[in-house]
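The values are calculated or read from the model by the stated rules, or taken from the named source; none is laboratory data. Remember, it's a predicted structure, so these values are computed and weren't measured experimentally. Cβ coordinates were reconstructed from backbone atoms using ideal geometry, including for glycine residues, and neighbour counts include every protein chain displayed. Just so you know, the surface numbers come from the protein's heavy atoms only, side chains and all, with ligands and any DNA or RNA stripped out. Shrake-Rupley method; radii C 1.70, N 1.55, O 1.52, S 1.80 Å.
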Amino acid sequence: MAEDGAPIGVFDSGVGGLSVLREIRTLLPHEDLLYVADSGRAPWGDKPIDEVRSWSLDIASFLTARGAKAIVIACNVGTAAAAEAVRAALSVPVVAMEPAVKPAAEATRSGVVGILTTVGTSESDRFRSLLERYGSRATVVTQPAPGLVEQVEAGDVTGPRTRALVERYTKPFKDAGADTIVLGCTHYPFLKDVIAEVVGSDVTLIDTGPAIARQLQRVLEGRNLLNPRPEIGTVRFWSSGDLGVARRVIPALYGAAASVEPFPDGRPG
Ligand code: DGL
């Protein structure tokens, strides 16, 4: 039985989930947080779904072995591949995420919604079923965006190559008259400024991170697992990628000093 003082485990294919971690830190400042970036194997979006599932299970059990009282899959493609398997394997609550098709279909005024996402998410059964359920409420234009995850992994969120990719991938949204764009990958909130510059400030960008943090809060509250102490919580980071890059990019994107340990060498035993 997990205790309220235990940490929350969060993971992603790489540094994208830091966009969710920031929201969790803001909403739940007293919680201790553990974060695994599987940057050595990112992007997950172009990898076989079975492999993504097995990596997700591996990381989730690494986090529960370190006492996590809840797991957040801060990754859309990880959710599509592994949410059921991770829930079945663990006894702690699991919060997972998917592109915000429903809120976008409800918010659009032009009746056209753009979904910017990875190839893996766009081809997943979970995404297909989301579109079946909510896609008929608006015209939905789905645009996979290979290469963007790599730019964020390298810490390049504003450079000319990143901007060129954003211009290319948002053009179909512009052409179709979309007034609402879903950031269907947790790496993309780091590109919000560039995306907003390219598509214009009258287009609404939907980031699922704040809703995931609220969902986590509800889940912990419902189980009496919110940390009651008054102190600010700690954060620990692991990365399976190049540590030199991780130690530069993670603090920059998270927005605070951070030490990063190697994953999976930090595995207990
Ligand atoms: N941040 C992951 C997501 O939300 C990126 C996927 C990838 O690595 O391709 O889907």
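Odds and ends about this structure:
- ALA211 meets all of the listed conditions (1) free of Cβ contacts under 8 Å to residues at least 60 places away in the same chain; (2) within 16 Å of the ligand (Cβ to nearest atom); (3) surrounded by fewer than 22 Cβ atoms within 10 Å (Cβ to Cβ) but one, namely (1).
- Annotation: of all residues in the stretch 53-74 being part of a loop (DSSP other than H, G, I, E, B) and not aliphatic (A, V, I, L, M), the one that is nearest to the chain's Cα centre (by Cα) is LYS69.
Residue-wise test of (1) open to solvent by 60 Å² or more (accessible area, probe 1.4 Å); (2) in contact (Cβ under 8 Å) with a residue 60 or more places away in the chain; (3) closer than 15 Å to VAL235 by Cα; (4) among the charged types (D, E, K, R).
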{"site": "PHE11", "(1), (2), (3), (4)": "no, yes, yes, no"}
{"site": "GLY14", "(1), (2), (3), (4)": "no, yes, no, no"}
{"site": "ASP46", "(1), (2), (3), (4)": "yes, yes, no, yes"}
{"site": "PRO93", "(1), (2), (3), (4)": "no, yes, no, no"}
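- The stretch 229-248 - residue that is among the aliphatic types (A, V, I, L, M) and in contact (Cβ under 8 Å) with a residue 40 or more places away in the chain and, of those, surrounded by the most Cβ atoms within 10 Å (Cβ to Cβ): ALA246
- Residue match in the stretch 116-123 (condition: away from the ligand (no atom under 16 Å from the Cβ) and open to solvent by 50 Å² or more (accessible area, probe 1.4 Å)): no
- Scanning the stretch 97-115 for residues that are within 14 Å of ALA81 (Cβ to Cβ) and open to solvent by 20 Å² or more (accessible area, probe 1.4 Å) yields a single hit, GLU98.
- Residue that is nearest to ALA213 (Cα to Cα), among those in the stretch 1-49 that are within 13 Å of the ligand (Cβ to nearest atom) and among the acidic types (Asp, Glu): ASP12
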